[in-house]
1. Could you run through the range 237-246 and say how many residues are outside any helix (DSSP H, G or I) and either free of Cβ contacts under 8 Å to residues at least 40 places away in the same chain or farther than 30 Å from P47 by Cβ (or both)?
2. Please determine, by comparing only the residues of the range 67-81 that are in contact with a helix residue (DSSP H, G or I) (Cβ under 6 Å, 6 or more places away or on another chain) and among the aliphatic types (A, V, I, L, M), which one is surrounded by the most Cβ atoms within 10 Å (Cβ to Cβ).
3. Residues of the range 189-211 being of a type outside the set (S, T, Y) and either at pLDDT 90 or above or in contact with a strand residue (DSSP E or B) (Cβ under 8 Å, 6 or more places away or on another chain) (or both), which ones?
4. Where residues in the range 62-86 are of a type outside the set (A, V, I, L, M, F, W, C) and assigned to a loop (DSSP other than H, G, I, E, B), which of them is farthest from the chain's Cα centre (by Cα)?
5. Only residues that are of a type in the set (V, I, T) and either in contact with a helix residue (DSSP H, G or I) (Cβ under 9 Å, 6 or more places away or on another chain) or not in a helix (DSSP H, G or I) (or both): list them for the range 1-53, please.
6. Which residues, taken from the range 87-107, are free of Cβ contacts under 8 Å to residues at least 60 places away in the same chain and surrounded by fewer than 14 Cβ atoms within 10 Å (Cβ to Cβ)?
7. State which residue is nearest to V23 (Cα to Cα) when the search covers only the range 107-164 and only residues that are small (G, A, S), modelled with pLDDT of 90 or more and part of a helix (DSSP H, G or I).
8. Within the range 116-137, how many residues turn out to be touching a Lys or Arg at 6+ places or on another chain (Cβ under 8 Å) and crowded, with 22+ Cβ neighbours inside 10 Å?
Amino acid sequence: MTVAGPVEANRRAWDHWATLGSVASVPVGRLTPVQARGLLDPDGWLPWREIRRVVVLAGAGGQQGPAFAMLGCEVTVVDVSPGQLALDRRVADELGLDVRCVQADMSRLGELRLAGVDLVYQPISTCYTPDVRALYRQVRAVLRPRGLYRVEHWNPVHLRLWALGSFDGTAYRLAASLPGEPIVSTVATGPSGESLLESWTYPHSLSELLGGLGDAGFAVRRLAEDCGGDPTAPPGSEAHLASVVPPFFRLLARRVT
């Protein structure tokens, strides 16, 4: 069974992953201020005195939203998956936190009438939208002047290797995908091997991910790769691939006037 479009497909996929306890679906417990800041800002980039109003964009799962609330921030979590948002509500209820949860597609952020936000914080999720430049324009619109955008991206080279490439015994072979075309991956199958759930991801180019930020009115302040993996792991495994190609990179940008 094939789902009609990317938004609905990814909503169903993330509802499924939420029930399985994926790495992005493990709620945090009560954190000290030092622990919360370490979770949200491991690089020490964020100027915390400037941050009061926060939007966690496409990042539900009971983690970042509650952590910001523990630091006294006014938090809105926007996500397409009700299953992921339920985890934020659960943590907020258990710990007595005020976290506003909104089910919405990140590409329709302008409909939420948010404005004057100090920080838009987006974990790895831009790979789920076909038009990252349009997303950047919407993020800029909700930020106050000189507001901050902290976003993490899936390295497009790693995404292609992970989703389409293979280890042939001597090397990883990069599978091609046409610009703008999604990579559709099976998330769950039926008893006869038919696809029941799919995820749609878009390996945006660096011109889109980085150049698009400048075109949308942002200045990049910080950038770092998520280096790691294990070169001694079996070739073809996720740990080995991560040691060959950094899977993610994160950046901090400021809205310029």
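The values are calculated or read from the model by the stated rules, or taken from the named source; none is laboratory data. Just so you know, these numbers come straight off a predicted model, no measurement behind them. We place every Cβ from the backbone using ideal geometry, glycine too, and count neighbours over all the protein chains shown.
1. 2
2. This residue is V77.
3. Scanning the range 189-211 gives G190, L196, L197, E198, W200, P203, H204, L206, E208, L209, L210, G211.
4. G72
5. T2, V3, V7, T19, V23, V26, V28, T32, I51
6. Result: D93, E94, G96, D98.
7. A134
8. The qualifying residues number 5.
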